[in-house]
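Take a look at the structure set out below.
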Amino acid sequence: MTAKKSPKSTTKRKPAAARPYHHGDLRENLIAATEALILERGVDGFSLREVARRAGVSPAAPAHHFGDTRGLLAEVARLGFKDFGDALADADLRGGNDPKKRLGEQGTAYVTFALKNPARFTLMFRRDKYDMTNPELQSVAARAFNILESAVRAAEGLSPADDMTPNASGLLLATWSIVHGFAHLALGGELEFAAQTRGGKDLILSSFLPLTLKHLPIPTPRK
């Protein structure tokens with residue numbers, strides 16, 4: 001005698017509701033994936049398709065937020081310049097009314113930002129890769145530059161309304177070149193061997209950078 005089989009239920013189970021995808025999450029995920037990819041492959045190795053894959057979306061999905069590759073990279077650069085400008089502004093305030101101290105504080109903030117945000121920093125200075133016509137990007141990039149220019153003007157005794165003199169322009173370019181070059185040397189690991197032989201990697205910021213900033217070509221304040 002065989003046991004009776006229980007009748008099959010005719011009630012169909014409802015499929016589990018798909019978890020809604022939040023567009024805000026997608027935007028942040030794409031930006032995070034972009035920075036991670038730049039760190040791994042460099043700016044020239046960037047691929048929108050790879051970023052979409054890492055974010056778990058179709059290759060066409062980023063277009064809803066950023067339009068195209070240059071639009072996505074422009075947004076990452078905008079975020080970088082915004083935070084960069086904030087860091088420079090805070091440093092400038094720490095310098096008080098002393099132009100030399102202002103430029104020194106800005107130089108420290110410049111390199112510190114680069115080391116803490118290597119992907120954004122690297123991209124920010126590759127304007128060939130993103131859409132610089134973005135008004136918000138133009139605004140935050142100009143603000144960061146103007147903070148440096150303001151300290152240079154103070155060092156040269158120029159008001160905001162004065163034209164930049166050749167000496168002022170030279171000071172600006174020399175200061176920018178020194179700190180930007182130092183940042184790239186540090187990012188590329190070029191300073192690590194010297195630091196390790198003298199006590200450790202921390203010396204790059206605590207010792208090497210201050211020693212370098214002492215040689216900024218800042219003129220004696222005019223009386």
request  = Place the peptides 90-96, 67-73 in order of packing, highest mean first, counting for every residue the other Cβ atoms within 10 Å and averaging per peptide.
outcome  = 67-73, 90-96
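I'm checking a number: the convex hull volume of the Cα atoms of the range 37-162, normalised per residue, in Å³. What is it? Mind dumping the intermediate values first?
Details: hull volume 13.8 nm³, N = 126.
Once divided by residue count, the hull of the range 37-162 is 110 Å³.
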query = What is the extension gain from GLU50 to THR212, computed as 0.36 nm multiplied by their sequence separation minus the C-alpha to C-alpha distance, in nm to one decimal?
reply = 54.4 nm
ask   = Setting aside same-chain residues fewer than 8 positions from LYS101, which aspartates and glutamates have a Cα under 19 Å from its Cα?
value = ASP86, ASP90, ASP92, GLU149, GLU156
request  = Provide the gained length on full extension for the span PHE193 to SER169, in nm with one decimal, where the gain is 0.36 nm per separating residue minus the Cα-Cα distance.
outcome  = 5.2 nm
ask   = Using helices alone, what [θ] at 222 nm do you get for the chain, with -39,500 (n - 2.57) per DSSP H run of 4 or more residues, divided over all residues and rounded to the nearest 500?
value = -20000 deg cm²/dmol
Sum of side-chain charges, GLY80 neighbourhood, beta-carbon under 14 Å (Lys, Arg +1; Asp, Glu -1) = +3
inquiry  = What distance in nm lies between label points placed 7 Å from Cα along the C-beta direction at ALA142 and ASP90?
reply    = 2.5
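Roughly to the nearest percent, how much of the accessible area of the range 18-160 is carbon and sulfur, given a 1.4 Å probe? Could the numbers behind the result be given before it?
Working: 3570 of 7020 Å².
Ligands and nucleic acids excluded, carbon and sulfur give 51 percent.
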ask   = What label, among (1) 0.98; (2) 1.48; (3) 1.22, belongs to Cα Rg over 2.2 N^0.38 Å computed from the structure on display?
value = (2)
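Per residue, how much accessible area does the chain have with a 1.4 Å probe, in Å²? Walk me through the intermediate numbers first.
Working: 13600 Å² over 223 residues.
Normalised by residue count, the accessible surface of the chain is 61 Å².
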message = In whole Hz and in residue order, list the ³J(HN,Hα) couplings for the range 71-87 that follow from phi through the Karplus curve 6.51 cos²θ - 1.76 cosθ + 1.60, θ = phi - 60°; x for Gly and Pro.
response = x, 5, 5, 5, 5, 5, 5, 4, 4, x, 5, 5, 5, 4, x, 4, 5
query = Along the charge dipole of the chain, which of ALA186, SER47, LEU158 sits closest to the positive end, that is, farthest toward it, with unit charges on the beta carbon of Lys, Arg, Asp and Glu (+1, +1, -1, -1)?
reply = SER47
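Using Cα pairs under 8 angstrom and six or more residues apart, how large is the relative contact order of the chain, in percent?
Values: 208 pairs, mean separation 42.3, N = 223.
Here the relative contact order equals 19 percent.
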remark   = Magnitude of the Cβ-charge dipole (Lys and Arg +1, Asp and Glu -1) of the chain about the Cα centre, nearest 20 debye, reported as 1620
Set of aspartates and glutamates with alpha-carbon distance to LYS201 below 16 Å, sequence-local pairs under 8 removed = GLU190, GLU192
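The values are calculated or read from the model by the stated rules, or taken from the named source; none is laboratory data. Please read all numbers here as calculations on a predicted model, not as lab measurements. Glycine also receives a Cβ, built like all others from the backbone with ideal geometry; neighbour counts cover every protein chain displayed. Surface areas here come from the heavy atoms of the whole protein model, side chains and all, with no ligands, DNA or RNA. Shrake-Rupley method; radii C 1.70, N 1.55, O 1.52, S 1.80 Å.
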